[in-house]
Every structure is written in structure tokens, then in C-alpha cells.
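Below you'll find the structure, written out as C-alpha cells, and then a few comments.
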């Protein structure tokens, strides 16, 4: 390891102290970023601080939620964890987390899709959890083919890493087929019966480009798929969600391994995409020795307070805050809103900062029309691109009031025809979310 490793540790410690204790600022990225300049192999050198191993969570949607839930479940089992809970998911964030911990049984790390190639070859994680791959921030990420190739390359550089992947997603299945790592395929083993949100885009085979056909299509490209042209098909599921139920009380499903059901999982929020998140989190936690009951206890107590499905009570109203940063995420939020059959307010906040991607044309692919058709909805448009967002909502049949922030939404509600206790759904993209959350935390 040598002198460079020693200097990197000193650099990280000094910056952590300066940022946290002197300036009172976050120290989630900078210590690791600067320490990596000193020792580019820092993550590999710090790997010995993990006594039992590590897990890396990657994918377009759901990374932060799954990472935190897996960490909570492992801690609930009596084991120790180091985790980049705040979502600092570049190599600098992982390095910072490892520098700031003296050691733990397990490391559970969220990774940006393209940065897995920087993190995994050094970390040599025991497991990579691949949740999904949707089109997202293409002006930053490039095409989805580039992301697939990057993840395959990262796995090739860590050949003993077991890949836990969503086999219902043809993008994830293509990655699994292209790597030689040990693999565990997870998915939903039945039709969840989800209503279609507008006209779904035809999914193309990742091998030959022909249209995929579906025995069951859950949402977006996820489902029991097959390419009749080349034979590419959903792999056999190692673990599957069965007996899925989603209603106003939340969701419930059984986890089957072959013909045997090994667990039953319930969660207080009723969103279809959470089935996949919870299933992947369960499989990852189980791999570290977490029992089904311990995982359920962790899921029941789960409250990350990071703006992802975070519920508030403000001025006598229930306010649910959630992230949506691409068409799939926004559509699944709309599905969540539609599950509430009563009158409600929906406030969308869209920024176009570097972290979001400058191009907001993805809003044209969101099924706002079905929200307009549902009735009993009062809409608001906020964020830096609020005028463009309001225009898109208008084209969908939703007359939205333009607002500066969530405070304006709450102030305007008494002027609407909504009941005094009607809930509010605040849906924000990546950089807009912290702004909305900060106000709701204060209120």
C-alpha cells in the first residue's frame, strides 16, 4: 500500500474534519475525491476494512432505496455495515464512506451506472444488485448500449462477483447473458394486472433489434419477454414474486424459490415498482444471512427520510414526496397517484441542472393524459422548467398553476375546490427534490 495510501488517509481525515467540524458542511464526496487523487487504488486498499464482504447496488431507478433497505436489514440482523446512505454514488462517495469508517462486517454501496467500472474492479464486491436500466439523462449518460457495455466490463474485471439481476428487464438480462459471473435471476412470476399508462413504446431485442413479444408485460419493458426472431428470452427465475397484491393498504407478495415459498413480504406503500425493489433487496440481504422475518421487520420500520416516498403531515394534510427523473419513474408515480381514488393535489417540480440532464423532452413521453382523465386532480408546475412543464400539462388536459415552490402549493390549496384534508403528491426530479424536501422538513 505504501506512502500514497497513508497520505490519502491523512487527506481524507483532514478534509472530513474541515468540512464537518469547521465549516459545518457535508463531507460525503470531497474527502474521497481528493484522496483518490493521491492514491487512485484507494478503494482496493480500503477493502480490508470489510470483514465479510460487500454489495453494490446499481440501476436507473431505486438505487438509494434498495441500498438503504439492505443496509438496514443487515444491521437488524446484528451485523455492522458501512454504507453511502446519502446517495453519493461516484467512486469519490464510496471512497469517502470507506475512509470515514474504521471497519464493518459488510459494505453496502450505491453506484452510478457508469461509475461501476471505476468502483467494482477495486472493490471486488461479493454481489452486484442490478435493478433495471431505463433511458435516463441521455445527454449525460449516452445511449443505454453504452451503459450495458460499461457494466459488463465492470463485472468482467470482478469475476467472482455474483450478479443479482432483474430478469424481467431485457436490458439487465442482456448484461447477465454477456458476463460469466455467477448469476441469480429475480422477477415477478405472474401478471400483476397493471393498467396500461398510455401507448407503451415497443421494446426491441438487445441482440437483433427485432420487436420483443410479451407473455406478460408488467410496465415499460419489464415482463416475460421473448424475441421470436433470435430466441432471446427472459431467463428462468431463481427467485420470483408471487401472489402479488397491491391496494390502498400497501402491497404484499410471497417470494418463491422454485416451487417453495420462502418468505412473505408486506410494505405500507402500494407501488408496483416497489415489488421489484423489495424482491431484490430481500435476495441481497438473504445472501448475507438475514432471515425473512428480520428483513420484514426492517422493511416495516424503513424510513430513510431522503425524499423517496417520504410522507409528511403539513397543515392538516398528508404530503407524499417522491423522486421521478425519467419517463418510467414519472409514469410509476402517476400510477401511485391514480391508486388514490379521492380528490388530491399533484405538484410536479422539474429542474434542468447538470445533475438532471439539460434535455427535458422526456416529459413528452409521460402519461400525464391519464391523470387528467381521472378527474378530481388539481395540478401545479414548479422547478426551473415550470413554464415548459405547465405547457406540457396543458397539452395533456391538466390546467396547472405555476408555482415557485411547495410553499406556494400549500398556500394555494384553500383557494381550490379540494377538501381541507385532500392529500398532496409532490413529485420532483433529481436536483429539485432536495429543495422541496428542505421546505417540507422545515414546515
*For residue 272, indicate whether it is in the same structural domain as residue 186 (by TED's automatic domain parsing), touching a helix residue (DSSP H, G or I) at 6+ places or on another chain (Cβ under 6 Å) and within 21 Å of residue 214 (Cα to Cα).*
no
_Unique residue being under 25 Å from residue 283 (Cβ atoms) and surrounded by fewer than 17 Cβ atoms within 10 Å (Cβ to Cβ) when the list is 44, 78_ = 78
*Does at least one position in the range 216-228 carry a residue that is modelled with pLDDT of 95 or more and in a loop (DSSP other than H, G, I, E, B)?*
yes
*List every residue pair whose Cβ atoms lie under 6 Å apart, where the two residues are 6 or more positions apart in sequence or sit on different chains, the first residue falls within the range 416-443 and is over 19 Å from residue 404 (Cβ atoms), and the second residue, located anywhere, is in a strand (DSSP E or B).*
418/378; 422/344; 423/318; 423/344
*For residue 240, are the conditions met, namely being outside the structural domain of residue 342 (by TED's automatic domain parsing), closer than 25 Å to residue 85 by Cβ and surrounded by 14 or more Cβ atoms within 10 Å (Cβ to Cβ)?*
no
*Residue list for the range 310-332, restricted to those being within 13 Å of residue 423 (Cβ to Cβ) and part of a strand (DSSP E or B)*: 311, 312, 313, 314, 317, 318, 319, 320, 321, 322
_Of all residues being at negative phi and surrounded by fewer than 21 Cβ atoms within 10 Å (Cβ to Cβ) in the range 366-376, which is nearest to the chain's Cα centre (by Cα)? Just the residue, please._
367
*From (1) crowded, with 18+ Cβ neighbours inside 10 Å; (2) in the same structural domain as residue 438 (by TED's automatic domain parsing); (3) out of contact with any strand residue (DSSP E or B) (no Cβ under 9 Å at 6 or more places or on another chain), pick out the condition that doesn't hold for residue 294.*
(2)
_Tabulated pairs, the range 180-191, first within 12 Å of residue 162 (Cβ to Cβ), second assigned to a loop (DSSP other than H, G, I, E, B), C-beta under 6 angstrom, 6+ apart or interchain_ = 181/161; 184/238; 185/167; 185/235; 185/237; 185/238
*Please tell me if residue 266 is surrounded by fewer than 19 Cβ atoms within 10 Å (Cβ to Cβ) and out of contact with any strand residue (DSSP E or B) (no Cβ under 6 Å at 6 or more places or on another chain).*
no
*When residue 118 is evaluated against the numbered criteria (1) within 30 Å of residue 360 (Cα to Cα); (2) part of a loop (DSSP other than H, G, I, E, B), which criterion, by number, is the only one it fails?*
(2)
*asked:* Just checking, does the range 215-226 include any residue being under 28 Å from residue 371 (Cα atoms) and exposed (fewer than 14 other Cβ atoms within 10 Å of the Cβ)?
replied: yes
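Every residue, every condition in (1) modelled with pLDDT under 95; (2) surrounded by 22 or more Cβ atoms within 10 Å (Cβ to Cβ); (3) over 24 Å from residue 324 (Cα atoms), yes or no:
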| position | (1), (2), (3) |
| --- | --- |
| 145 | yes, no, no |
| 155 | no, yes, yes |
| 159 | no, no, yes |
| 172 | no, yes, no |
| 178 | no, no, yes |
| 185 | no, no, yes |
| 192 | no, no, no |
| 203 | yes, no, no |
*Would you mind telling me which numbered condition in (1) closer than 24 Å to residue 431 by Cβ; (2) modelled with pLDDT of 95 or more; (3) assigned to a loop (DSSP other than H, G, I, E, B) residue 289 fails?*
(1)
*asked:* Quick test for you: out of 435, 404, 415, 394, pick the one residue that is surrounded by fewer than 14 Cβ atoms within 10 Å (Cβ to Cβ) and within 28 Å of residue 359 (Cβ to Cβ).
replied: 404
*Output the helices (runs of 4 or more DSSP H) that fall wholly within the range 1-74 and possess 2 or more residues being within 22 Å of residue 129 (Cβ to Cβ), or say none.*
42-46
_Lone unmet requirement of (1) out of contact with any helix residue (DSSP H, G or I) (no Cβ under 6 Å at 6 or more places or on another chain); (2) not in a loop (DSSP other than H, G, I, E, B) for residue 195_ = (2)
*Does residue 283 satisfy being touching a strand residue (DSSP E or B) at 6+ places or on another chain (Cβ under 7 Å), crowded, with 20+ Cβ neighbours inside 10 Å and not in a strand (DSSP E or B)?*
yes
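The values are calculated or read from the model by the stated rules, or taken from the named source; none is laboratory data. It should be emphasised that the depicted structure is a prediction, and the values quoted were computed from it without experimental measurement. Cβ coordinates were reconstructed from backbone atoms using ideal geometry, including for glycine residues, and neighbour counts include every protein chain displayed.
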